[in-house]
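Novice: Provided herewith is a single structure, encoded as structure tokens, for subsequent inquiry.
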Amino acid sequence: MKVVCIGGGITGQLVQLVVPSTQLLDWRAMSQGHLPQTRRYGANYLWKPIPLLPYTMFPVITHVDGNYATRDSVTAYKTKIGKAKDMEGNWGEQFQVQTTGYDCTFPTPRINYDCAVVSIDSFRKEVHLRNGSFIDYDILVSTIPLYVLLRMLNVTLSRSFRYDPIFIKVTDRPPDAPFPVSSVYVNYLSDPAVVPYRFTDRNGERHYESITPMGGTSARKILPGKIHPHPQAASTVMSLTKQNIFCFGRFAAWLPEELIHETYDRIVEWAYRMDHV
């Protein structure tokens, strides 16, 4: 069966890793080189390694306002970013003081660039591209934000998706950084008067993250950024599977708390089921 995946980022590459015949489509005009996928910006690293891939380990130190996390300090931080309801779950796992992070080395992916998808005909099983051509599929995988996929399918939900773009500013790691350069230091900032909600020291740099714009030439905007739960997301993703359209990744399945190793596990489970249908 012909598997086509929209999105050539880390999730799409995980799909291709598990199902090697997968055809990856990426909207970019050309490759930007084989960039590291798991530690590009901010506090973005693997909590667990991906099986069978070479990996390196590094210590991660996590604080809130420069100190050990407490329920009060984490509540203040969550309130600052508009996710106070997250305190109802296992809030402490994200704020453990000392943990281990991982980098994995991915094989060079096979990606078809300049394949910007504008619409999907789920009846004919065709992906229509901006350049006027189309690609047929038997199974379609989406790793792009769910609201973008639904727009391509001309599907409208009764409630809109809520998300906050993340703005990232990269500076040199200051000389007074509290931990060795070989470590990753994550410090959450709960004061609402302070624009960034977090900074991360890593690889000789300090990465500030905010949900409001920050100035400077090194500032970047990441979409969709922080996503919020949607009451129709799970049922919508499930209904798409009946059309042989499968969504993987935090943004594609609209799972605000999903981590990369959890996405990988879901892809493996899906591939196993497909082989045994």
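The values are calculated or read from the model by the stated rules, or taken from the named source; none is laboratory data. Model, not experiment: these values are computed from the prediction. When we count neighbours, we look across all protein chains shown, and the Cβ atoms used for this are built from the backbone with ideal geometry, even at glycine.
Novice: Is there a residue in segment 241-254 that is part of a helix (DSSP H, G or I), surrounded by fewer than 21 Cβ atoms within 10 Å (Cβ to Cβ), without any contact (Cβ under 8 Å) to a residue 12 or more places away in the chain and not acidic (D, E)? Walk me through how you get there before you give the answer.
Specialist: Of segment 241-254, the ones part of a helix (DSSP H, G or I) are 241.
Restricting the remaining residues to those that are surrounded by fewer than 21 Cβ atoms within 10 Å (Cβ to Cβ) gives 241.
Of the ones still in play, those that are also without any contact (Cβ under 8 Å) to a residue 12 or more places away in the chain are 241.
With not acidic (D, E) added as a condition, the list becomes 241.
There is at least one residue in segment 241-254 that is part of a helix (DSSP H, G or I), surrounded by fewer than 21 Cβ atoms within 10 Å (Cβ to Cβ), without any contact (Cβ under 8 Å) to a residue 12 or more places away in the chain and not acidic (D, E).
Novice: Next question, about the same structure. Which of the residues that make up segment 134-155 are among the β-branched types (V, I, T) and under 14 Å from I120 (Cα atoms)? Steps first, answer last, please.
Specialist: At the first step, the residues of segment 134-155 found to be among the β-branched types (V, I, T) are 135, 139, 141, 143-144, 148, 155.
Correct list: I135, I139, V141, I144, V148, V155.
Novice: Moving on to the next point. For segment 126-138, which residues satisfy the criterion of being charged (D, E, K, R), touching a residue at least 60 places away in the same chain (Cβ under 8 Å) and not in a loop (DSSP other than H, G, I, E, B)?
Specialist: D136
Novice: Which one of the conditions (1) more than 18 Å from Y77 (Cα to Cα); (2) in the same structural domain as D138 (by TED's automatic domain parsing); (3) out of contact with any Cys (no Cβ under 6 Å at 6 or more places or on another chain) does V181 fail to meet, given that it meets all the rest?
Specialist: Here V181 meets the rest and fails (2).
Novice: Hey, does segment 155-163 have a residue that's among the charged types (D, E, K, R) and either crowded, with 17+ Cβ neighbours inside 10 Å or within 16 Å of A234 (Cα to Cα) (or both)?
Specialist: Scanning segment 155-163 turns up at least one residue that is among the charged types (D, E, K, R) and either crowded, with 17+ Cβ neighbours inside 10 Å or within 16 Å of A234 (Cα to Cα) (or both).
Novice: Turning to a different aspect of this structure: Just to check your reading of the model, which residue among P213, P196, P229 is part of a loop (DSSP other than H, G, I, E, B) and out of contact with any strand residue (DSSP E or B) (no Cβ under 7 Å at 6 or more places or on another chain)?
Specialist: Within the list P213, P196, P229, the selection yields P229.
Novice: So I144 fits all but one of (1) more than 27 Å from D114 (Cα to Cα); (2) touching a residue at least 40 places away in the same chain (Cβ under 8 Å); (3) assigned to a loop (DSSP other than H, G, I, E, B); what number is the exception?
Specialist: Status for I144: all satisfied but (1).
Novice: Tell me, please, whether a residue that is within 29 Å of D65 (Cβ to Cβ) and either crowded, with 19+ Cβ neighbours inside 10 Å or assigned by TED's automatic domain parsing to the domain that holds I61 (or both) can be found in segment 259-277. Steps first, please.
Specialist: Here is the first cut: in segment 259-277, the residues within 29 Å of D65 (Cβ to Cβ) are 259-262.
Now drop any that are not either crowded, with 19+ Cβ neighbours inside 10 Å or assigned by TED's automatic domain parsing to the domain that holds I61 (or both), which leaves 260.
Yes, segment 259-277 contains at least one residue that is within 29 Å of D65 (Cβ to Cβ) and either crowded, with 19+ Cβ neighbours inside 10 Å or assigned by TED's automatic domain parsing to the domain that holds I61 (or both).
Novice: Return the residues of segment 103-115 that are over 19 Å from L259 (Cα atoms) and either of a type in the set (S, T, Y) or outside any loop (DSSP other than H, G, I, E, B) (or both); say none if nothing qualifies.
Specialist: Residues satisfying the conditions are T108, I111, N112, Y113.
Novice: For segment 198-251, which positions are polar (S, T, N, Q) and more than 11 Å from K169 (Cβ to Cβ)?
Specialist: Passing the criteria: T200, N203, T212, Q232, S235, T236, S239, T241, Q243, N244.
So that you can scan it fast, the table gives a plain yes or no per residue for (1) at pLDDT below 95; (2) outside the structural domain of A253 (by TED's automatic domain parsing):
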| site | (1), (2) |
| --- | --- |
| D121 | no, no |
| P145 | no, no |
| R151 | no, no |
| N154 | no, no |
| I168 | yes, yes |
| D191 | no, yes |
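Novice: Next question. Taking P174, is it outside any strand (DSSP E or B), at pLDDT below 95 and surrounded by fewer than 15 Cβ atoms within 10 Å (Cβ to Cβ)? Working first, answer last.
Specialist: Working: outside any strand (DSSP E or B): yes; at pLDDT below 95: no; surrounded by fewer than 15 Cβ atoms within 10 Å (Cβ to Cβ): yes.
So P174 fails the test.
Novice: Could you please find all residues in segment 180-202 being surrounded by 15 or more Cβ atoms within 10 Å (Cβ to Cβ) and touching a residue at least 60 places away in the same chain (Cβ under 8 Å)?
Specialist: S183, V184, Y185, V186, N187, Y188, L189, S190, Y197, R198, T200, R202
Novice: Let me ask something additional. Right, F123: part of a loop (DSSP other than H, G, I, E, B), of a type outside the set (K, R) and without any contact (Cβ under 8 Å) to a residue 60 or more places away in the chain or not?
Specialist: For F123, the condition - part of a loop (DSSP other than H, G, I, E, B), of a type outside the set (K, R) and without any contact (Cβ under 8 Å) to a residue 60 or more places away in the chain - is met.
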